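Worksheet for the structure shown next.
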Amino acid sequence: TPVAAAAAQFAEEEFGIPVHLQYGGSGTLLSNLQVAKKGDLYLAADTSYIEIAREKGLLDEAISVARMHPVIMVKKGNPKKIQSIDDLLKADVTFALANPDAASIGKLTKKKLTEAGKWDAVSRSARVFKPTVSEISSDVLLGAVDAAIVWDATVNQHPEKASMVDVPEFSDTIKNVTVGVLNSSDKPQQALMFARYLQAPEKGQKQFAEKGYETVQGDAWDPHPTILLFSGGVNRLAIQDTLREFEQREGVTVNTVYNGCGILVG
């Protein structure tokens, strides 16, 4: 995965900081976090899970690292000639879906097909529901089913074995893969550093691009960024303690220039 590749590169380049990964559906991982209240980062397939985590007090900062949208995944060459959601309902077509309660793609599939009035028929006709997008994509690759609704990035990782079919039900649906720093982290500075690393164009974004994800615009990589802050002198006592806390939490240096506001503007 792009995150695993970036984690290995990060550990090698940045002071030997190891990154331990635990995989699962976005919903499953969120449920686990609520119970365990352990961990440093939560990487969700779309921001809706990050917002839920924020509402539950599990995290604050979050950074977008990639974008993707749902498609129908079929075997290379599309032997069953599947061109639409309705084609999945044909008698000679089998397909897999991700569990809406466990995986982001499953939740989104249910939402969009419910809006289109097709969820009941599609959910009844699915051969199998599984908890992760990786499992249903593997079913297509192994020939266990003819199709599955997955992310475009998932199909892009198997260009020799799979093809994708875009359908209008998902045409306006682009989701942001987002990583959040967990409030349970006892290493927030290092966690945020890796989150920024994933978004940096010459670091994590290269890995996402190579794995078929649509990339996002991030800041050039700097392990310890420097911020130049111009502040009115009257604010010094009010902000200096907060700035020190910010430097420690975020792993940055804030160079502050205090002066009269008129002089600073000039």
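The values are calculated or read from the model by the stated rules, or taken from the named source; none is laboratory data. Only a predicted model underlies this, so the values are computations on that prediction, with no experimental measurement involved. Heads up, the Cβs are rebuilt from the backbone with ideal geometry, glycines too, and the neighbour counts pull from every protein chain shown.
Matching residues to (1) outside the structural domain of VAL181 (by TED's automatic domain parsing); (2) farther than 13 Å from ILE149 by Cα; (3) small (Gly, Ala, Ser):
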position	(1), (2), (3)
HIS20	no, yes, no
LYS37	no, yes, no
SER64	no, yes, yes
LEU97	yes, no, no
THR114	yes, yes, no
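Residues of segment 87-105 that are more than 28 Å from the chain's Cα centre (by Cα), surrounded by 13 or more Cβ atoms within 10 Å (Cβ to Cβ) and acidic (Asp, Glu): ASP87 alone.
Considered as a group, the residues in segment 235-253 that are of a type in the set (Asp, Glu) and surrounded by 11 or more Cβ atoms within 10 Å (Cβ to Cβ) include one that is nearest to the chain's Cα centre (by Cα), and that residue is GLU250. One residue is enough: does segment 169-187 have a residue meeting the conditions without any contact (Cβ under 8 Å) to a residue 24 or more places away in the chain and basic (Lys, Arg)? Taking every residue of segment 169-187 in turn, none turns out to be without any contact (Cβ under 8 Å) to a residue 24 or more places away in the chain and basic (Lys, Arg).
Consider segment 28-43 and keep the residues that are outside any helix (DSSP H, G or I) and farther than 18 Å from ALA6 by Cβ. The one that is modelled with the lowest pLDDT is LYS37. Quick check: is even one residue across segment 106-119 under 29 Å from ASP219 (Cβ atoms) and under 23 Å from the mean Cα position of the chain (by Cα)? The answer is yes, given that some residue of segment 106-119 is under 29 Å from ASP219 (Cβ atoms) and under 23 Å from the mean Cα position of the chain (by Cα). Quick check, is LYS111 outside any loop (DSSP other than H, G, I, E, B), out of contact with any strand residue (DSSP E or B) (no Cβ under 8 Å at 6 or more places or on another chain) and surrounded by fewer than 20 Cβ atoms within 10 Å (Cβ to Cβ)? Against the criterion (outside any loop (DSSP other than H, G, I, E, B), out of contact with any strand residue (DSSP E or B) (no Cβ under 8 Å at 6 or more places or on another chain) and surrounded by fewer than 20 Cβ atoms within 10 Å (Cβ to Cβ)), LYS111 qualifies.
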